[in-house]
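**Student:** Here it is, the structure in full.
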Amino acid sequence: MELLLSRDAVYAAAMAPSPPDAPVPDPLDGTSGIQVLDRMVGLLGLLGEAGAGGQQLSRLAGALGLSVSTAHRLLAALEHHGWVERVEGGRRHRLGAALVALAGQAADGTGLRRLCRPVLARLSGESGETTFLIVRSGLNAVVTDRQDGAYVIESLTQGVGGLMPLGIGAGSATILASQTPAEIEAVLAANAVRYRQFGSSAEQVRRRVEQVRSEGYLMSDDSLIAGLAVIGLAIRPPGRAVTAAIATNFIASRLDAAARRQFLARMRQEAAMVEASLAVPAAILRNPRPGES
């Protein structure tokens with residue numbers, strides 16, 4: 001999923017005067033709109049990697065080679081639009097709620113979330129378990145929809161809009177496993193440092209990917225959250241790259257081996273229906289114009 005921004009609007013926001021009580025920022029005179037946009041996208045990317053805990057201003061500035069005052073000014077513009085918010089009394093920044101809405105709109109633009117929402121509702125309604133729609137975004141995976149089950153469950157991603165390195169989590173691992181071997185290795189190398197932040201490693205992710213490539217799905221008690229088991233299944237549109245998956249997290253003791261196989265069978269049925277729908281050209285699915293049959 002890509003974040004489509006108005007370059008002129010972003011530049012104008014970044015160049016707007018700071019509030020009277022804000023630190024005096026470095027001037028951005030002579031900085032092109034493209035450079036400002038690149039820096040803002042870089043900040044959003046770093047905040048996405050930081051997760052719910054956010055990141056300190058100084059670390060964000062250092063990672064992008066910016067002065068603290070310039071980074072502060074850019075973050076203030078993003079905060080004004082709801083794309084960034086402050087945590088811990090303003091000492092750290094994290095992605096804002098407005099980006100969740102944008103992520104949902106991006107997913108709806110492909111029709112995927114619309115197709116999968118009733119799927120998640122059926123799976124969770126039948127089983128009582130929490131189900132997720134996971135979509136790839138570059139080196140990351142994003143939760144674009146979630147249907148809660150009959151009980152509260154902890155999740156690595158917390159909710160819709162949650163982001164994790166590609167390969168972490170059941171749905172994310174099945175998406176990565178569906179890529180070419182060369183791309184898998186490239187992603188593992190690029191995300192190696194970030195995997196450690198989730199208590200994992202590139203080698204652990206590689207073993208999980210190999211399991212998925214061998215079996216065609218992921219079913220494991222080896223969750224990064226103690227006491228939870230996971231099932232993940234990729235959505236494979238005919239003739240297209242795999243960019244999405246359905247996943248579930250559940251208390252391991254709730255489902256025995258037979259119940260897990262039954263749940264996986266239902267996931268396969270639902271995924272097959274989504275894949276069939278994605279194979280139909282959009283022109284056929286749209287409402288006919290007046291006079292058309």
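**Student:** For residue 273 and residue 241, FRET efficiency with R0 = 30 Å and r from the beta-carbon atoms, rounded to 0.05?
**Tutor:** In this case the efficiency is close to 0.90.
**Student:** Relative contact order for the stretch 111-279: what is it in percent, counting Cα pairs under 8 Å that are at least 6 residues apart?
**Tutor:** 22
**Student:** A further question follows. Residue 214 accessible area, nearest 10 Å², 1.4 Å probe?
**Tutor:** 100
**Student:** Could you put 219, 164 in order of accessible surface area, largest first, with the 1.4 Å probe and the full protein assembly present?
**Tutor:** From most exposed to least exposed: 219, 164.
**Student:** On average, how much area does the Cα convex hull of the stretch 111-279 cover when viewed from any direction, in nm²?
**Tutor:** Mean projected area of the Cα convex hull: 8.7 nm².
**Student:** Modelling each spin label as a point 7 Å along the Cα-to-Cβ direction, I'd like the residue 46/residue 59 distance in nm, to one decimal.
**Tutor:** Result: 1.0 nm between the two label points.
**Student:** Sticking with this one: Please list 91, 266, 236, 208 in order of solvent-accessible area, largest first, computed with a 1.4 Å probe with all protein chains present.
**Tutor:** Highest to lowest solvent-accessible surface, that is 91, 236, 266, 208.
**Student:** With a 1.4 Å probe and all protein chains kept in place, how do 205, 193 rank by accessible area, largest first?
**Tutor:** Solvent-accessible surface, decreasing: 193, 205.
The values are calculated or read from the model by the stated rules, or taken from the named source; none is laboratory data. What you are looking at is a predicted structure, and each value in this text was computed from that prediction instead of being measured. For neighbour counting, all protein chains shown are included, and Cβ atoms are generated from backbone atoms with ideal geometry for every residue, glycine included. Note: areas computed on protein heavy atoms with side chains; ligands, DNA, RNA excluded. Shrake-Rupley method; radii C 1.70, N 1.55, O 1.52, S 1.80 Å.
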